[in-house]
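The values are calculated or read from the model by the stated rules, or taken from the named source; none is laboratory data. What you see is a predicted model, and the numbers here were worked out from it, not measured in a lab. Here the Cβ positions follow ideal geometry from the backbone for every residue, glycine too, while neighbour counts run over all protein chains shown.
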Amino acid sequence: MSDLAARTRSGPGRLLIAVYAIFALSATARSAVQLGTHFSRAPLAYLLSAFAAAVYVVATVCLTRGNRTSRRIATISILVELAGVLVVGTLSLVVPHVFPDATVWSDYGQGYGYIPAVLPLLGLWWLRSTR
């Protein structure tokens, strides 16, 4: 294991990876149920939940690997996550009729205790501090 990978996965990095894994699993399950049972009710929201799930999966895998390339991909996915939380969070408040059902990122992750709003900030901080 490289020193870079060891730093990425050590200490608080383990907790960060665990939280990302939980969000990957929960967002994947949520979007699968939503898409499979009542897609026509809120297709945009459900597709955004599926997109969020994919972003969480990529971030989890890349943070777990921890090598130089995977850290770059993790950084990009976490930046996409942050943009998603900010854009979807804002739109869900400004034009709520566009989101008749919530996504993971609606209202800045209110349904998940605002963890989706804080998680990308922690992820970026961790990647930067373990360079």
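Taking the conditions (1) modelled with pLDDT under 95; (2) under 12 Å from the mean Cα position of the chain (by Cα) in turn, Glu81 satisfies each one other than (1). Which one is surrounded by the fewest Cβ atoms within 10 Å (Cβ to Cβ), of the residues in segment 93-105 that are at pLDDT below 95 and not in a loop (DSSP other than H, G, I, E, B)? That would be His97. Checked against the criterion of being touching a residue at least 40 places away in the same chain (Cβ under 8 Å), surrounded by 13 or more Cβ atoms within 10 Å (Cβ to Cβ) and outside any helix (DSSP H, G or I), segment 10-33 has no qualifying residue. Inside segment 34-50, residues that are surrounded by 14 or more Cβ atoms within 10 Å (Cβ to Cβ), in a helix (DSSP H, G or I) and touching a Phe, Trp or Tyr at 6+ places or on another chain (Cβ under 9 Å) make up a count of 8. Of Thr69, Thr64, Thr90, all but one fail to be touching a helix residue (DSSP H, G or I) at 6+ places or on another chain (Cβ under 6 Å), modelled with pLDDT of 95 or more and part of a helix (DSSP H, G or I); the exception is Thr64. Select from segment 80-130 the residues that are of a type in the set (D, E, K, R) and touching a residue at least 12 places away in the same chain (Cβ under 8 Å) and write down the one among them that is nearest to Thr8 (Cα to Cα). So, considering only residues that are of a type in the set (D, E, K, R) and touching a residue at least 12 places away in the same chain (Cβ under 8 Å), the one nearest to Thr8 (Cα to Cα) is Glu81. If the condition is being outside any helix (DSSP H, G or I) and more than 14 Å from the chain's Cα centre (by Cα), then segment 114-131 contributes Thr130, Arg131.
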